[in-house]
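Worksheet: one structure, shown below.
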Amino acid sequence: MRPAIHHLSINAVRADALFASPLQRSDEPAAEQVREAIASAIREFGRRGCGGRVAQEFGDHPETAVLRMRWARWVAGEAFTEPGPAAHARLFARHFAAHVVHAARAVHVIRAA
């Protein structure tokens, strides 16, 4: 019988790596810290090694592993969807432009009255 091959999504691999990392929820890590912890865990344990640590923890402590995995999935997802500096600049420019248009309309209304 041939072994089953499972392909994990990149999000699942990241969550497993964060789960396997020493980073804790109580650290309240920033996105950059999360990305660094994930990269470090993958370098140290490999993709399968991170998955193995997850499996071991679920076997030994299922009640706490569920909570940690829920946190790891959420935080890993947020860390890689956070907009970078260019996106922040575009958002600021749109926000600023909207205020300028609003102010111009207000001045136009005041002059027309």
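Values quoted throughout were computed directly from the atomic coordinates according to the rules given, and no laboratory measurement underlies them. For clarity, every value in this text was computed on a predicted model and none was experimentally measured. A quick note on method: Cβ atoms are made from the backbone with ideal geometry, for glycine too, and the neighbour counts reach across all protein chains shown.
Numbers at a glance
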{"read-out": "Cβ-based net charge around R25, under 11 Å, with every Lys or Arg adding one and every Asp or Glu removing one", "value": "0"}
{"read-out": "Residue-wise HN-Hα coupling along region 42-48, computed from phi with Karplus coefficients 6.51, -1.76, 1.60 (Hz; x: Gly, Pro)", "value": "5, 4, 6, 10, x, 4, 5"}
{"read-out": "Backbone HN-Hα couplings from phi across region 29-37 [Karplus 6.51/-1.76/1.60, Hz, Gly and Pro as x]", "value": "x, 6, 4, 5, 5, 5, 4, 5, 5"}
{"read-out": "Spin-label pair I10/F58, simplified geometry with 7 Å Cα→Cβ offset, distance in nm", "value": "2.3"}
